[in-house]
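The values are calculated or read from the model by the stated rules, or taken from the named source; none is laboratory data. Treat the numbers as computed from the prediction; the structure is a model and nothing was measured. In this analysis, Cβ positions are derived from the backbone assuming ideal geometry, glycine residues included, and neighbour counts consider all displayed protein chains.
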Amino acid sequence: MSDPSQQMPPGLAVISNCVTPYRINLHKLIAAGIPELKLHTLITHGDADFKWAVDVPTSVPLHRFGCGDDSPLAGPWRAPLQEWRKEGV
């Protein structure tokens with residue numbers, strides 16, 4: 001029986017507040033430049049204040065923790081319960 005740790009590559013998590021064109025470009029470079037790692041892009045907020053038209057390639061998997069109208073500029077006291085839930089509490 002094979003060891004499961006040998007089958008799954010180690011991961012690299014990058015936490016960002018929103019998706020931007022320059023950030024996606026950086027994440028594409030990371031995914032292509034370090035193929036030994038599985039990239040995980042964690043997005044904490046929506047893009048309510050930033051209406052970027054970004055095509056996210058499949059090499060940059062996004063995991064969103066915020067709502068679509070959740071602004072990264074609003075601060076934690078705008079919706080404290082929502083921010084609390086993002087923490088997994």
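Once segment 64-89 is narrowed to residues that are outside any loop (DSSP other than H, G, I, E, B) and of a type outside the set (A, V, I, L, M, F, W, C), the residue that is modelled with the highest pLDDT is ARG64.
On the stretch given as segment 16-48, residues that are hydroxyl-bearing (Ser, Thr, Tyr) and over 17 Å from ARG64 (Cα atoms) total 1. For segment 33-63, residues that are closer than 22 Å to GLN7 by Cβ and outside any loop (DSSP other than H, G, I, E, B) total 4. Summed over segment 1-29, the residues that are outside any strand (DSSP E or B), at pLDDT below 90, over 16 Å from ALA53 (Cα atoms) and in contact with a strand residue (DSSP E or B) (Cβ under 7 Å, 6 or more places away or on another chain) give a count of 1.
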